[in-house]
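A short worksheet on the structure shown next.
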Amino acid sequence: MAKRFWKNTSGNITVMLALGIVPLLLATGAAMDFGHATYVRSLLQGAADAAALSAGTSKDKSKAALQSTVEQYMAANNVKDAVKSITSIRHVLDKNKGTLTVVVEGKLETTFMAIAGITEIDVSGRAQVNIGSQALEIALVLDNTGSMSGAKIANLKTAAKNLVNILEQESSSYADIKIGVVPFAEYVNVGASFASASWLDTSGLGGATWGGCVGSRPSPRDIQVGAGGSDYPAITGVPCNVQLLPLTDNLSSVRSKIDAMVATGWTYIPTGMLWGWNVLDSADPYTQGRTKAQLKAVHGRKVMVVMTDGENTISPSYPLHDQFVPAVSNQTLKDLCGKVKGDGIEIYTVSFMVPTVVIKDILTDCATTSGQYFDADNSTELNAAFTQIARELAAVRLTQ
């Protein structure tokens, strides 16, 4: 009988199925638990993203205020209901790098894996936003020529002040923002206070009172930044717009300078661009800008916004700009664009109701990227261009 028992195999399949179904169920159950964990991680990630973006745009960057904002967004996204327990909700603000990081961590209770003694799975979400540069230096190089008279200059003032307002409202509370304004036509007014400056050439004044207007240095110095000699020519007897404003963190004075702009004169864009470059540079004639090393240390940016409503109409005779060879001026502008970008300055360009493609093409190439050129055909598009530039400069964006 014992022999017959051991030879009887009629129940082997049942036994094998019984033995094999346990790991099969565990594997299936584990897949379901891990699938659920993936879903919960996506919920935590979404909550971390929302919390980081909100905290990053908050004007109150105190530790308590940021933590409160982060926890409010976690609660609004019901993260505690999605897990067994939350072990950590925290943020890290790195002012040197200009980043804000939000982390949420928790434990998820398993269902099937508990059979094998694994009762919890770690889940987390992590988001990092770029909250803007520690330092932002901007030169607004704005066309104030006669063709900008009437509604056009009014529209420019509105758009430019809107840019300033957005940067003031949306920048992080600790960011160092400085803005300069360079109104230009065929000349730029640097300010009569520089009458005795070592870099100014007053030999052509003939005893006349100087009002702050400067012409072009001899080529190729007319596309070079900085002083480096007494060869910035002081000139009189030519139309010269309101005095430029060097970099300042007093944004009220920036708005006042924009309001003071008037439309007069002919178009010579290189003069505006050169003095925008001088405003951003750290050396004489203006020294409010940071050096490259200083800017790098605080993860800063230098930006020039160049706006015009037309192509170059006159060209230089040195030091005056009283010739009519636009091709010469256009080439000078192209050369300047390359020099400015080569100096590490970002360039945004805006054409406003420009009728010809020549200057549009130059401005497109002049911009640091094609997306940093704007072609505005009316006041609404002009305002939209300046608004987009401001939002890009003050952008809080997810980086991780």
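The values are calculated or read from the model by the stated rules, or taken from the named source; none is laboratory data. Everything quoted here is computed from the prediction, not taken from an experiment. Methodologically, a virtual Cβ is constructed for each residue, glycine included, from the backbone with ideal geometry; neighbour enumeration extends over all protein chains shown. Only protein heavy atoms, including side chains, enter the accessible area calculation; ligands, DNA and RNA are left aside. Shrake-Rupley method; radii C 1.70, N 1.55, O 1.52, S 1.80 Å.
Annotation: of all residues in segment 37-54 being touching a residue at least 60 places away in the same chain (Cβ under 8 Å) and within 13 Å of residue 131 (Cβ to Cβ), the one that is most open to solvent (accessible area, probe 1.4 Å) is 53.
Here's the yes/no breakdown for (1) buried (at least 20 other Cβ atoms within 10 Å of the Cβ); (2) under 18 Å from residue 163 (Cα atoms); (3) at pLDDT 95 or above; (4) of a type in the set (Ser, Thr, Tyr):
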residue: 352; (1), (2), (3), (4): yes, yes, yes, no
residue: 355; (1), (2), (3), (4): no, no, no, no
residue: 369; (1), (2), (3), (4): no, no, yes, yes
residue: 374; (1), (2), (3), (4): yes, yes, yes, no
residue: 377; (1), (2), (3), (4): no, no, yes, no
residue: 380; (1), (2), (3), (4): no, yes, yes, yes
residue: 386; (1), (2), (3), (4): yes, yes, yes, no
residue: 390; (1), (2), (3), (4): yes, yes, no, no
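Within segment 359-383, the residues that satisfy the criterion of being in contact (Cβ under 8 Å) with a residue 12 or more places away in the chain and closer than 19 Å to residue 155 by Cα are 373, 374, 375, 376, 377, 378, 379, 382, 383.
Going through (1) free of Cβ contacts under 8 Å to residues at least 40 places away in the same chain; (2) assigned to a strand (DSSP E or B); (3) under 27 Å from the mean Cα position of the chain (by Cα) one by one, residue 154 falls short only on (2).
Within segment 178-205, the set of residues being buried (at least 24 other Cβ atoms within 10 Å of the Cβ) and touching a strand residue (DSSP E or B) at 6+ places or on another chain (Cβ under 9 Å) comprises 179, 180, 181, 182, 183, 184, 185, 187, 188, 190.
Quick check on segment 220-231. Is at least one of its residues touching a residue at least 24 places away in the same chain (Cβ under 8 Å), in a helix (DSSP H, G or I) and not acidic (Asp, Glu)? Yes, segment 220-231 contains at least one residue that is touching a residue at least 24 places away in the same chain (Cβ under 8 Å), in a helix (DSSP H, G or I) and not acidic (Asp, Glu). Among residues belonging to segment 83-107 that are within 19 Å of residue 38 (Cα to Cα) and small (Gly, Ala, Ser), point out the one that is farthest from the chain's Cα centre (by Cα). So, considering only residues that are within 19 Å of residue 38 (Cα to Cα) and small (Gly, Ala, Ser), the one farthest from the chain's Cα centre (by Cα) is 85. Checking each residue in segment 93-129 for being open to solvent by 40 Å² or more (accessible area, probe 1.4 Å), in a strand (DSSP E or B) and either within 24 Å of residue 344 (Cα to Cα) or among the charged types (D, E, K, R) (or both) picks out 94, 105, 107, 109, 120, 122, 126.
A Cβ distance below 7 Å, combined with a sequence gap of six or more or placement on separate chains, defines the contacts here; from segment 337-358, residues that are basic (Lys, Arg) reach residues that are open to solvent by 40 Å² or more (accessible area, probe 1.4 Å) in the pairs 341/368. Residue 247 meets each of the listed conditions (1) in contact with a helix residue (DSSP H, G or I) (Cβ under 7 Å, 6 or more places away or on another chain); (2) more than 28 Å from residue 203 (Cβ to Cβ); (3) in a loop (DSSP other than H, G, I, E, B); (4) not small (Gly, Ala, Ser) apart from (3).
For residues in segment 55-76 being under 12 Å from residue 127 (Cβ atoms) and out of contact with any Leu (no Cβ under 7 Å at 6 or more places or on another chain), which is most open to solvent (accessible area, probe 1.4 Å)? Looking at residues that are under 12 Å from residue 127 (Cβ atoms) and out of contact with any Leu (no Cβ under 7 Å at 6 or more places or on another chain), I get 73.
Per this entry, residue 87 is not counted among residues that are in contact with a strand residue (DSSP E or B) (Cβ under 9 Å, 6 or more places away or on another chain), without any contact (Cβ under 8 Å) to a residue 12 or more places away in the chain, of a type in the set (Ser, Thr, Tyr) and loosely packed, with under 15 Cβ neighbours inside 10 Å.
Residue by residue through segment 176-190, note down the ones that are under 19 Å from residue 321 (Cα atoms) and of a type outside the set (Phe, Trp, Tyr). Within segment 176-190, 182, 183, 185, 186, 188, 189, 190 qualify. Annotation note: of 322, 309, 365, the sole residue that is crowded, with 17+ Cβ neighbours inside 10 Å and either within 22 Å of the chain's Cα centre (by Cα) or on the phi < 0 side of the Ramachandran plot (or both) is 309. The condition of being under 16 Å from the mean Cα position of the chain (by Cα), modelled with pLDDT of 95 or more and either assigned to a helix (DSSP H, G or I) or basic (Lys, Arg) (or both) holds for only one of 341, 360, 334, that being 341. Would you say residue 154 is buried (at least 22 other Cβ atoms within 10 Å of the Cβ), at pLDDT 90 or above and not hydroxyl-bearing (Ser, Thr, Tyr)? Judged against the criteria, residue 154 is not a match.
Every test in (1) under 30 Å from residue 198 (Cβ atoms); (2) assigned to a helix (DSSP H, G or I) is passed by residue 258 save one, and that test is (1).
Taking each residue of segment 242-257 that is under 10 Å from residue 279 (Cβ atoms) and looking for partners that are β-branched (Val, Ile, Thr) and in a loop (DSSP other than H, G, I, E, B) with beta-carbon atoms closer than 8 Å, six or more apart or interchain, yields 244/190. Closer than 24 Å to residue 229 by Cβ and either at pLDDT 95 or above or not in a loop (DSSP other than H, G, I, E, B) (or both), is that true of residue 295? In short, no.
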